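Read the structure below first, then the notes.
The values are calculated or read from the model by the stated rules, or taken from the named source; none is laboratory data. Note that the structure is a prediction, hence the values are computed from the model and not measured. A quick note on method: Cβ atoms are made from the backbone with ideal geometry, for glycine too, and the neighbour counts reach across all protein chains shown.
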Amino acid sequence: MKKTNLLIFLILPLFCLAQSTLKLKGKVAGETMPLEWADVSLLNAEGKIIDGTTTKQDGSFELNIKSGSYKIGISLLGFTDYEKEIKLTSDLDLGTILLKENTTNLGEVVIETKKNTIERKTDRLVYNLENNVNTVGGDALSAINTAPGVVVKNSEITILGKGTSRVMIDGRLIELTGEELNSFLKSISASDIKNIEIISNPPARYEADGFGGLINIIMKKGVRDSWKNTTTLSYDQNKYGIYTLRNNFFYNKNKFRFSASVNGKTGYKNSEEILEMHFPDGLSKMTSTTKVKDENFSGKLAVDYDFSDRTTMGFQLVNDRNNPDFKSDISIDKYTTQNQLRDVTKNNSFTDKGSGNQTYNLHLITRLDSLKRKLSFDIDYFDYNSKFDRSFIANNYTSNMVFVDVNQAGRNISNQDIDNFSFKADMEHPFQALNLSYGAKVSFTNSTSDISYYDMITGTPQLDANQSNRFKYTENNQAVYVNGDKKINEKWSLQVGLRLESTKTNGFSATLNQETVNDYVKLFPTFYTSYQKNENNSFSFNYGKRINRPRFDLLNPFRVYINSNSYSEGNPFLQPSFSDNFELAHSYKETFRTSVFVNAISNGYGVIFTSIPETNTQIVTRENYFKGLNYGIGESYSASLAEWWQSENALYFLGSKTEFNKNINAMPSNSMQIDFSTNNTFILGKTTKLQLDFSYSTPVENGLYEVGYMSSFDFGFKQDLYNKHLQIAFLANDIFNTSYLKDFTSVVNGVKQVYSQNESNRFVRLSVVYNFGNKKINIKDRNFGNQEERKRTGN
């Protein structure tokens, strides 16, 4: 605790420097009348919004700021955006600023002025998704999948060439992964998203955990004194059907802000798997068909209150429940070396699976003075629990399907409980010379897992102590950071950061009577520089060091049977991996962008599919077994091919070099990969849009694995009705059913394994969105300070 207090006091001194402020005022009007509710933003030289307001009934606005050079931006729905460079040395009155209506009639086609779809900043790429039909009436997950260089496949969100990515909302990390993360993102309406930031190399203020960069979802923030309700009903049809209903309510009046949402989903999806294991005595081929219940219920409540013009306090509660039960029919066909069917094993199983979490957040934000120094505190607590109860019976048959005997019968029961408490403080401290930010975070996590395996082959449950376990894991993480950015001159800008993290972990397996302890302190530097050569060309370079900590469940040495001759187990000795990330980027007219990147990974860990030829058994383990180098070049092009046709295109060339530093009786292999995508929006009328998207990835070899090609062709259509109060959207996703994981191949111990999985990627969706109330919402959505730990629950 002394160490924790010392770190906090070192990083959080409060500076009290007084500076005078100046007044900036003006009026906003159209051709015939003043414009109320126009958004007025003030940006510094780096393009960061430092202040803002909305115009009053007479169109007037006023800001109090210090002297300096700025860019003022004014926007209002239905009018062309206004921007102007200003230099403030004394009080300034901009007079009346006229905004022009942005709609032009061209026969039957109506063209609206739009923001640039892609904008490049010093440390991130900003994607404005308002033009993409597939996001209107959709959710946050589908919106992320349309972002440049971002791919959502097989429950993972990936920045190409970087690996699996973290997701944030308004700068606050979401500590969920896989299907849990997807379910959460599906509860957020895409229509409430302002833009998406793709941060391939995150600055020091963010947790250093995770190789794959960050996806930051920025929610819309409108005007004061407003309320809005949005109801969305959608239906997905794959082999089965899924219904989704969500309702979001926002209220903002004077100093009080309130939001509440309820989301429900029910239905089924189909999953098909094929695993071929080429043993010395012949092929073993597993085929599995699973009917998965897609059932989720979640709710959120948030309250914020402004005690003064400078201080806000708020509370947030999120409750989420998932019940993805599934029934699997598995057939294992075994062949001779002459490829003749020898025998068959039929494995029928049912899994009762459920998870839930409650998250509580209390936050305080205070602006210390007119210099925009801002101090924020977050106190968070969350509890995550899950259950897994799987019963299975495997029967042996002859090649003619004559019953022989019972191969195996068992029941796996597991319960996991994770609770976390964290405290986080952040300070934004602009000086005349540079913008400084610094902060600290402490986090305490406890995880307990109980695993019981019962042998059911006799019909009477018998506890197998060798396959049962109680595992307890604790983790204490302390971090401090400092980050500074400065515009050196009109061409050069610089940002430097440093993060220090101290981590202590303790894992204890009661079955093995084994304790594993880790205690380490690591530094994570970050560096960014950008150069504006001229109006058309800009360059940037960044570097960052990151860590990839194992999820909690991967450290648990329990064994869960996948089928009668295949099981998975965790590894309590799994260590973190580290990466050094470099990226050089160029932008031409903000339409043609090039990035070159290199990621060096040390002590890399991952899944190993080990086969034992003597017993024809597959074991799924996790090991630190490699070091690697990932590199590539990415090209993206934004084009208005016609006044009614907007196209976003990306082409990536990816490569890797992997070396095994552990004897796993396998040889690494690497190859180039090409990834191409094109997203096309067609404006058919003032209220009608069409979307055609296509993506393709070539087969690739990377280290231990080889993966087959993936492609997807999607069609979307959106119709606005009743002045956009009602929206109807249609999506046909993966029309040709080619986006699933196929030919996932590895060779260990001389046994070749080939795996494919299709989880209902091809589906059609019909969505109806109804909005009423004041559309100008102003809800300050806030995520949780302990998101770093929630992600690693592994669900």
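Odds and ends about this structure:
- Qualifying strands (runs of 3 or more DSSP E) (wholly inside the range 601-691; at least 1 residues being free of Cβ contacts under 8 Å to residues at least 12 places away in the same chain): 617-642
Table: residues versus (1) outside the structural domain of Tyr705 (by TED's automatic domain parsing); (2) closer than 23 Å to Leu584 by Cβ; (3) out of contact with any Gly (no Cβ under 9 Å at 6 or more places or on another chain); (4) surrounded by fewer than 17 Cβ atoms within 10 Å (Cβ to Cβ).
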position: Gly632; (1), (2), (3), (4): no, yes, no, no
position: Ala639; (1), (2), (3), (4): no, no, yes, yes
position: Trp645; (1), (2), (3), (4): no, no, yes, yes
position: Leu651; (1), (2), (3), (4): no, yes, no, yes
position: Leu654; (1), (2), (3), (4): no, yes, no, no
position: Lys662; (1), (2), (3), (4): no, no, yes, yes
position: Met667; (1), (2), (3), (4): no, no, yes, yes
position: Ser671; (1), (2), (3), (4): no, no, no, yes
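- Residue among Thr505, Thr526 that is touching a residue at least 24 places away in the same chain (Cβ under 8 Å) and over 30 Å from Phe597 (Cα atoms): Thr505
- Asn229 being touching a residue at least 60 places away in the same chain (Cβ under 8 Å), farther than 29 Å from Ser756 by Cα, part of a strand (DSSP E or B) and under 24 Å from the mean Cα position of the chain (by Cα): no
- Any hit, the range 280-293, residues being part of a strand (DSSP E or B), farther than 30 Å from Ile330 by Cα and either in contact (Cβ under 8 Å) with a residue 60 or more places away in the chain or aliphatic (A, V, I, L, M) (or both): no
- Residue list for the range 347-406, filter: among the basic types (Lys, Arg) and either under 30 Å from Asn322 (Cβ atoms) or without any contact (Cβ under 8 Å) to a residue 12 or more places away in the chain (or both): Lys353, Lys387, Arg390
- Residue check for Gly267: assigned by TED's automatic domain parsing to the domain that holds Tyr240, surrounded by 15 or more Cβ atoms within 10 Å (Cβ to Cβ) and either over 27 Å from Asp236 (Cβ atoms) or modelled with pLDDT of 90 or more (or both): yes
- Residue selected from the range 45-83 under the condition touching a Lys or Arg at 6+ places or on another chain (Cβ under 8 Å) and hydrophobic (A, V, I, L, M, F, W, C), by the criterion modelled with the lowest pLDDT: Ala45
Here's the yes/no breakdown for (1) buried (at least 18 other Cβ atoms within 10 Å of the Cβ); (2) β-branched (Val, Ile, Thr):
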{"position": "Tyr453", "(1), (2)": "yes, no"}
{"position": "Gly459", "(1), (2)": "no, no"}
{"position": "Ala479", "(1), (2)": "yes, no"}
{"position": "Ile488", "(1), (2)": "no, yes"}
{"position": "Arg499", "(1), (2)": "yes, no"}
{"position": "Gln514", "(1), (2)": "no, no"}
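- If you check Leu7, Leu12, Leu42, Leu22 for being at pLDDT below 85, surrounded by 15 or more Cβ atoms within 10 Å (Cβ to Cβ) and in contact with a Gly (Cβ under 7 Å, 6 or more places away or on another chain), only one passes: Leu42.
- Within the range 511-546, the set of residues being among the hydrophobic types (A, V, I, L, M, F, W, C), assigned to a strand (DSSP E or B) and at pLDDT below 90 comprises just one member, Val517.
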